[in-house]
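Accompanying notes for the structure given below.
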Amino acid sequence: KEEFYSDSGTMMAQLGLNPAPARPVATGRSAAPTVVLAAGTPAELSNVELLRAQMAAYNSHDVKGVDAFNSPDFIYRDITMPADQSAKESSASTAEFFKAFPDAKLAPGPAWGAGDYVVVTGRFEGTNTGAMPAMGIKKPTGKTVSVRYLDITRWEGGKLKEEWLFYDGMSMARQLGLAGKK
């Protein structure tokens, strides 16, 4: 099975077709890819369980519980955001998100551990009933969204060091009635 994840909004902004701020176009040579093979070790299985516990805290809307899994130097990379976030910035964004989507839930699918990494696919679901300035939502839309995601995390000593979240923010914006038609 193969799945493809990209953010249409970022691509359109990079092409000059979307006025929203976006990540800059990558230039130059990229770093050599990190290749990790799963071995089914207890550490890999523990990392998968840590991620599941963090997602349970998220689904309980427990910001402090989510933050408890992050290392102090945690880096959050949401592909739809114009820049990476620190642990403190990520925490503030999560709190703002819970106010805008008070029924926000992650519906995770399969999760795989490999070395220090865990990969999980799933769906984000929620209804927008509050403002969220970071997304350009000044007035709640009252609309429900369901968006596929791919999440890659890197763990060190039982703490989350890095996270990469991939989903199509433009699809979410369309479902909220903020861009084009569904």
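The values are calculated or read from the model by the stated rules, or taken from the named source; none is laboratory data. Bear in mind that the values here come from a model prediction, so they are computed numbers and not experimental data. With ideal geometry, Cβ positions are generated from the backbone for all residues, glycine too; neighbour counts draw on all protein chains shown. Keep in mind that these areas ignore ligands, DNA and RNA; they rest on the heavy atoms of the full protein, side chains included. Shrake-Rupley method; radii C 1.70, N 1.55, O 1.52, S 1.80 Å.
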Picking from Ser30, Ser91, the residue that is assigned to a loop (DSSP other than H, G, I, E, B) and polar (S, T, N, Q) would be Ser30
When every residue in region 91-115 that is touching a residue at least 40 places away in the same chain (Cβ under 8 Å) and of a type in the set (Gly, Ala, Ser) is compared, the one farthest from Val36 (Cα to Cα) is Ala100
Quiz item: Is it the case that region 19-42 has a residue that's modelled with pLDDT under 90, buried (at least 18 other Cβ atoms within 10 Å of the Cβ) and small (Gly, Ala, Ser)?
Solution: yes
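Does region 102-130 hold any residues that are among the charged types (D, E, K, R) and in a strand (DSSP E or B), and which are they? Before you say what the answer is, go through the steps one by one.
If we filter region 102-130 for residues that are among the charged types (D, E, K, R), which is where we start, we get 103, 105, 116, 123, 125.
Selection gives Lys105, Arg123, Glu125.
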Q) Yes or no: Gly65 farther than 30 Å from Leu178 by Cα, in a helix (DSSP H, G or I), over 14 Å from the mean Cα position of the chain (by Cα) and not aliphatic (A, V, I, L, M)? A) yes
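Scan region 47-63 for residues that are closer than 17 Å to Glu163 by Cα and either open to solvent by 60 Å² or more (accessible area, probe 1.4 Å) or out of contact with any Pro (no Cβ under 9 Å at 6 or more places or on another chain) (or both) and jot them down. Let's see the steps before the verdict.
Here is the first cut: in region 47-63, the residues closer than 17 Å to Glu163 by Cα are 47-58, 63.
Once the filter is applied, which keeps residues that are closer than 17 Å to Glu163 by Cα and either open to solvent by 60 Å² or more (accessible area, probe 1.4 Å) or out of contact with any Pro (no Cβ under 9 Å at 6 or more places or on another chain) (or both), region 47-63 yields Asn47, Val48, Glu49, Leu50, Arg52, Ala53, Gln54, Ala56, Ala57, Tyr58, Val63.
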Quiz item: Could you say whether any residue in region 131-143 is surrounded by 15 or more Cβ atoms within 10 Å (Cβ to Cβ), outside any helix (DSSP H, G or I) and touching a residue at least 60 places away in the same chain (Cβ under 8 Å)?
Solution: no
Next on the checklist: Among the residues in region 74-84, are any under 23 Å from Ser8 (Cβ atoms), open to solvent by less than 50 Å² (accessible area, probe 1.4 Å), among the polar types (S, T, N, Q) and not in a strand (DSSP E or B)?
Outcome noted: yes
Picked from region 144-172 (must be outside any strand (DSSP E or B) and touching a helix residue (DSSP H, G or I) at 6+ places or on another chain (Cβ under 9 Å)), the residue farthest from Glu3 (Cα to Cα) is Gly158
Counting only residues in region 155-169 that are over 22 Å from Phe124 (Cα atoms) and open to solvent by 50 Å² or more (accessible area, probe 1.4 Å), the one nearest to the chain's Cα centre (by Cα) is identified as Lys159
Taking region 64-73 and keeping only residues that are open to solvent by 50 Å² or more (accessible area, probe 1.4 Å) and either in contact with a Phe, Trp or Tyr (Cβ under 9 Å, 6 or more places away or on another chain) or without any contact (Cβ under 8 Å) to a residue 12 or more places away in the chain (or both), one is left with Lys64, Ala68
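Run down Val35, Val25 and say which single residue is touching a helix residue (DSSP H, G or I) at 6+ places or on another chain (Cβ under 7 Å), among the hydrophobic types (A, V, I, L, M, F, W, C) and without any contact (Cβ under 8 Å) to a residue 12 or more places away in the chain.
On the way: Val35 fails: touching a helix residue (DSSP H, G or I) at 6+ places or on another chain (Cβ under 7 Å).
Going through Val35, Val25 in turn, the sole match is Val25.
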